[in-house]
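Inspection log for the structure reproduced underneath, given as structure tokens.
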Amino acid sequence: MSERETASRTHDEFCRAIETGDPFYLACPDGHGSVPPRRVCPECGAQSLTVEALPETGRVQAATVVHVATSAFADSAPYVTAIADFGPVSLTGVVAETDPEAVEHGTDVTLAIQRTDERKRPTLVFEPR
Amino acid sequence: MPSVRVAGVGLTPFGEHPDRTTRDLFAEAGIEAMSDAEVRADAVDAVYFGNFVGELADGQGHHGPLVAESLGVSAPATRFESACASSGVAVRHAVRAVECGDADVVVVGGAERMTHVGTDEATAMLATAADAIHEVSAGVTFPGAYALMADAYFETYGGSRRDLAHVAVKNHGHALENEYAQFQFEVSVDDVLEAPTVASPLGLLDACPVTDGASALVLVSDEYARDADVEAAVEVTGSGQASDTLALQDRETLSRTPATERAAAEAYRDAGIEAADIDLVEVHDCFTCAEVFALEALGLYDPGEAITAAREGETWRDGQLPVNCSGGLKAKGHPVGATGASQVVEMTRLLRGDHPNSDYVSEASTGVTHSAGGTVASTTVHVLEVAR
Ligand SMILES: [Zn+2]
């Protein structure tokens with residue numbers, strides 16, 4: 001893939017790629033991963049970023065059950081927000097799980113996208129495997 | 001290079017002032033600081049003002065000239081926004097302006113007004129300090145972000161909610177006699193543990209309140225202090241600032257706050273001190289866990305060791321390292337844009353002997369203040385010393 005191409009990757013494209021089952025991340029020549037919008041590698045400043053396939057499964061690193069939410073998420077509270085390690089990148093998402101207390105470190109998750117009218121942006125969702 | 005003296009300090013009472021304006025809050029603190037410093041409006045060379053959500057909370061941007069005007073000052077005025085570190089960053093730049101000879105007299109501080117909007121709106125405003133695309137869109141609130149860090153800390157080093165509760169108990173204890181504090185009442189460990197959960201593992205009493213208030217300092221060059229015969233016993237001898245990624249997901253570890261480590265290294269180098277020289281600190285305890293992160297990042301405890309400090313009594317005002325003698329953000333309150341400068345105000349009062357808790361720290365000569373924005377993506381550290 002061309003180096004120039006990545007400069008036009010948007011966060012929306014990142015989300016749509018998850019919806020079409022083709023998730024990606026951006027990689028610099030040194031192998032540092034990041035997600036759009038990025039024009040340079042946040043780790044080393046390299047400008048030549050390529051689009052690479054994102055590993056399908058991530059692992060929960062940290063999680064919290066949010067009880068007091070912003071109005072955009074009030075209907076979902078309490079819900080679990082987690083950071084999951086996908087290898088080259090870590091991502092932040094809402095865990096799709098009926099029992100929030102059941103989410104544990106090391107839980108394997110896959111990605112999905114949820115779109116609702118109340119929220120300005122698509123929500124990254126972690127689905128426990 | 002001129003050294004920087006604190007010539008005057010001012011605070012409003014921290015708490016609920018829903019009917020007042022940001023400019024009026026700052027005027028109260030600023031006039032108090034200028035009167036404390038015996039400085040006239042026409043002697044002021046610059047006004048540096050910290051404010052986080054003026055546009056959202058007040059429908060008012062462009063607060064720099066507005067607050068200068070409220071003091072009767074016509075000097076150049078600038079607003080600084082770095083989330084919860086807004087006025088910490090303003091102090092940093094005021095110190096630099098005096099050091100480089102750009103200014104002899106700077107009024108610096110901050111103000112925030114948030115209680116009038118209600119919990120929903122305040123939660124949304126505070127969340128704007130996090131990454132809108134990667135975090136807020138995934139339901140991250142401000143307490144939620146710190147909860148993720150606390151969760152990672154417990155996983156890495158151990159510790160418990162009970163350990164954190166002792167931080168809240170201590171800081172409420174310290175605020176009891178502080179006339180400026182929002183919460184002048186005690187809480188027990190059980191109160192903290194039984195409070196409703198905000199974002200696990202953090203409960204309502206692990207969190208600082210939503211607060212209105214203002215803080216102000218008059219910083220002057222030592223030459224000005226001498227010529228004007230102003231009593232300015234406390235000197236700002238070191239200043240450091242550092243940044244980190246806004247989103248937690250982009251950090252190497254969630255259980256440490258490297259921006260504070262870098263800002264501290266710079267401030268200590270600037271002052272020619274080491275962590276072991278520090279007698280007392282005011283750190284950014286927006287949540288109980290944040291005090292723990294700060295103490296470790298400031299080099300006062302090894303990683304994983306500060307979690308038990310409050311429980312063991314080490315960080316109480318009569319302990320080996322008094323932490324947040326003001327009551328901290330936790331009990332003194334957190335008018336976001338005012339907080340960083342208010343820590344310097346409180347440290348100055350503690351060191352010069354006119355703070356209600358000064359008697360506990362009468363031997364202290366070196367104090368450090370630590371201000372953090374967002375999840376420590378912006379941070380400043382200042383070293384204050386009793387001038388010899
Ligand atoms: Zn790189």
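The values are calculated or read from the model by the stated rules, or taken from the named source; none is laboratory data. All values derive from a computational prediction rather than experimental measurement. So basically every Cβ, Gly included, is an ideal-geometry build from the backbone, and we count neighbours across all protein chains shown. Ligands, DNA and RNA are stripped out before the accessible areas are found, and what is left, the full protein with its side chains, is counted by its heavy atoms. Shrake-Rupley method; radii C 1.70, N 1.55, O 1.52, S 1.80 Å.
What's the center-to-center distance, using Cα atoms, between the range B:170-225 and the range A:110-129 in Å?
One Cα centre to the other: 36 Å.
In peptide A:75-84, how many Cβ atoms from other protein chains are near each Cβ within 10 Å, on average?
The shielding value for this peptide is 4.
Computed over the Cα atoms of the range B:165-319, what is the convex hull's projected area averaged over all directions, in nm²?
11.5 nm²
So, counting K/R as plus one and D/E as minus one, what does the shell of residues with Cβ under 11 Å around B:M114 add up to?
Summing Lys/Arg as +1 and Asp/Glu as -1 gives -4.
Can I get the semi-axes of the protein assembly as shown's equivalent ellipsoid? Compute them from the C-alpha gyration tensor as square roots of 5 times the eigenvalues, in angstrom, largest first.
Its equivalent ellipsoid spans semi-axes of 39, 25, 22 Å.
Would you list, by chain and number, the lysines whose Cα falls below 19 Å from the Cα of B:K170, excluding same-chain residues fewer than 8 positions away?
B:K330, B:K332
Taking every alpha carbon pair in the range B:142-219, what does the distance histogram look like in 5 angstrom bins from 0, in percent?
Bins of 5 Å from zero give 3, 14, 21, 21, 17, 11, 7, 4, 1 percent of pairs.
Place a label point 7 angstrom from the Cα of B:S3 along the Cα-to-Cβ direction, then list the residues of the range B:356-388 whose backbone nitrogen is under 13 Å away.
In the range B:356-388, the label zone of B:S3 (backbone N under 13 Å from the point 7 Å along Cα→Cβ) covers B:366, B:384-388.
Measure off 7 Å from each Cα along the Cα-to-Cβ vector at B:A265 and B:L204, then give the distance between these two points in nanometres to one decimal.
The modelled label-to-label distance comes out at 4.2 nm.
Shape verdict for the range B:39-95, please, from the Cα gyration tensor: rounded (a/c under 1.5), prolate (a/b greater than b/c) or oblate.
Taking the square roots of the gyration eigenvalues as a ≥ b ≥ c, the range B:39-95 is oblate.
With θ set to phi - 60° and the Karplus curve 6.51 cos²θ - 1.76 cosθ + 1.60, what are the ³J(HN,Hα) couplings of the range B:5-15 in order, to the nearest whole Hz, using x for Gly and Pro?
10, 8, 8, x, 9, x, 9, 8, x, 8, x
Need one number for the range B:1-149: average projected area of the convex hull over its C-alpha atoms, nm².
10.0 nm²
Fully extended, how many nm does the chain gain between B:C100 and B:R388 (0.36 nm per residue separation, minus their Cα-Cα distance)? Walk me through the numbers before you get to the answer.
Values: separation 288, 0.36 × 288 = 103.68 nm, distance 2.18 nm.
Extra length from B:C100 to B:R388 when fully extended: 101.5 nm.
Report, to the nearest 10°, how far helix B:258-271 tilts away from the longest principal axis of the Cα atoms in chain B, using its own Cα long axis and a range of 0 to 90°.
30 degrees
In percent, how large is the relative contact order of the range B:74-193, given Cα pairs closer than 8 Å and 6 or more residues apart?
Averaging sequence separation for qualifying contacts and normalising by length gives 12 percent for the range B:74-193.
Please name which of B:F142, B:A168, B:A129 has its Cα lying farthest along the dipole of the range B:60-175 towards the positive end, using unit charges on Cβ (Lys, Arg +1; Asp, Glu -1) and the Cα centre as origin.
Final value for the positive-end residue is B:A168.
Just the C-alpha atoms of the range B:305-383: what Rg/Rh do they give, with Rh taken as the Kirkwood radius?
For the range B:305-383, the value is 0.96.
Filter the GluC sites (Glu not before Pro) in the range B:144-224 to those in DSSP coil with at most 12 other Cβ atoms within 10 Å of their Cβ, and list the result.
Numbers: sites: B:E155, B:E177, B:E179, B:E186, B:E194, B:E223; in loops: B:E177, B:E179, B:E186.
For GluC sites (Glu not before Pro) across the range B:144-224 that sit outside H, G, I, E and B with at most 12 neighbouring Cβ atoms in 10 Å, the list reads B:E177, B:E179, B:E186.
Can you work out the accessible area per residue across chain B, with the rest of the protein chains kept in place, probe 1.4 Å, in square angstrom?
Heavy-atom SASA per residue in chain B reads 33 Å².
Taking chain B as the reference, fit the longest principal axis to its C-alpha atoms, fit the long axis of helix B:288-297 to the helix C-alpha atoms, and give the angle between the two in degrees, 0 to 90, nearest 10.
70 degrees
In nm², what is the average projected area of the convex hull enclosing the Cα atoms of the range B:190-243?
Value for the range B:190-243: 7.6 nm².
If I take the Cα coordinates of the range A:13-105 and project them onto the principal axes, what are the three extents in Å, biggest first?
In descending order, the Cα extents are 41, 26, 25 Å.
Given only helices, namely DSSP H runs of n ≥ 4 each adding -39500 (n - 2.57), what is the per-residue ellipticity at 222 nm of chain B, to the nearest 500 deg cm²/dmol?
Values: 13 runs with 141 residues, N = 388.
Calculated mean residue ellipticity at 222 nm is -11000 deg cm²/dmol.
In whole Hz and in residue order, list the ³J(HN,Hα) couplings for the range B:125-141 that follow from phi through the Karplus curve 6.51 cos²θ - 1.76 cosθ + 1.60, θ = phi - 60°; x for Gly and Pro.
Residue by residue, the range B:125-141 yields 5, 5, 5, 5, 6, 8, 6, 4, 7, 8, 10, 4, 5, 10, x, 6, 9 Hz.
Calculate the spin-label point distance for B:T253 paired with B:Q320, positioning each point 7 Å from the Cα along the beta-carbon direction, and give it in nanometres.
Here the modelled spin labels are 2.2 nm apart.
Working from Cα positions, state the angle (0 to 90°, nearest 10) between the long axis of helix B:86-99 and the longest principal axis of chain B.
40 degrees
Quick one: pull the percentage of alpha-carbon pairs in the range A:90-129 with a separation above 15 Å.
Considering the range A:90-129, 42 percent of its Cα-Cα pairs are separated by more than 15 Å.
What are the residues of the range A:58-74 that lose 10 Å² or more of accessible area, with a 1.4 Å probe, going from their chain alone to all protein chains?
A:Q61, A:A62, A:A63, A:T64, A:V65, A:V66, A:H67, A:V68, A:A69, A:T70, A:S71, A:F73
Output the relative contact order of chain B, whole-number percent, from Cα pairs under 8 angstrom with separation of 6+ residues.
Answer for chain B is 26 percent.
Once amide H atoms are built 1.01 Å from N in the peptide plane, which residues 5 or more positions from B:G8, or in another chain, come under 5 Å H to H?
Sorted by chain and number, the residues that satisfy this are B:V218.
Give the separation of the Cα centroids, the range B:46-71 to the range B:342-388, in Å.
Measuring centre to centre over Cα atoms gives 25 Å.
From zero outward in steps of 5 Å, how is the percent of C-alpha pairs of the range B:257-372 spread across the bins?
Distribution as computed: 2, 12, 24, 27, 22, 11, 1 percent.
About its Cα centre, how strong a charge dipole does the protein assembly as shown have in debye, to the nearest 20, once Lys and Arg get +1 and Asp and Glu get -1 at the Cβ? Don't jump to the answer; show the numbers that get you there.
Details: 34 positive and 81 negative charges, 171 e Å.
Dipole of the protein assembly as shown, to the nearest 20 debye: 820 debye.
For the A and B pair, go ahead and give the buried accessible area with a 1.4 Å probe, both sides summed, in Å² to 100. Please report the intermediate quantities before stating the final value.
Numbers: alone 7710 and 14010 Å², together 19380 Å².
Heavy-atom accessible area buried at this interface is about 2300 Å².
In whole Hz, with x marking every Gly and Pro, tabulate ³J(HN,Hα) for the range B:110-121 from phi via Karplus 6.51 cos²θ - 1.76 cosθ + 1.60, θ = phi - 60°.
x, 8, 8, 9, 9, 5, 6, 8, x, 4, 4, 5
Show the residues, 5+ positions off or on another chain, whose built amide H is closer than 5 Å to the amide H of B:V198.
Residues meeting the criterion, in which the H sits 1.01 Å from N, are B:G203, B:L204.
Roughly what would the spin-label model give for B:Q60 and B:E223, points 7 Å off Cα along C-beta, in nm?
The answer from the label model is 3.6 nm.
Between B:T78 and B:E274, 0.36 nm times their residue separation minus their Cα-Cα distance comes to what?
Result: 67.3 nm gained on full extension.
Calculate the dipole size of the range B:124-264 relative to its Cα centre from +1 charges on Lys and Arg beta carbons and -1 charges on Asp and Glu beta carbons; express the result in debye to the nearest 20.
500 debye
Two decimals is fine: what's Rg over Rh for chain B, C-alpha atoms, Kirkwood radius as Rh?
Numbers: Rg = 18.9 Å, Rh = 20.1 Å.
Rg/Rh: 0.94.
Which net charge results for the neighbourhood of A:G31, defined as the other residues with beta-carbon distances under 13 angstrom from its beta-carbon, given Lys and Arg at +1 and Asp and Glu at -1?
Values: positive: none; negative: A:D30, A:E43, A:E52.
So the environment of A:G31 carries a net charge of -3.
For the range B:307-384, run through the GluC sites (Glu not before Pro) and keep only the ones in DSSP coil with at most 16 other Cβ atoms within 10 Å of their Cβ.
Passing both the DSSP loop test and the Cβ count: B:E312, B:E363.
Counting only DSSP beta bridges with both residues in chain B, tell me the antiparallel percent, nearest 5.
75 percent
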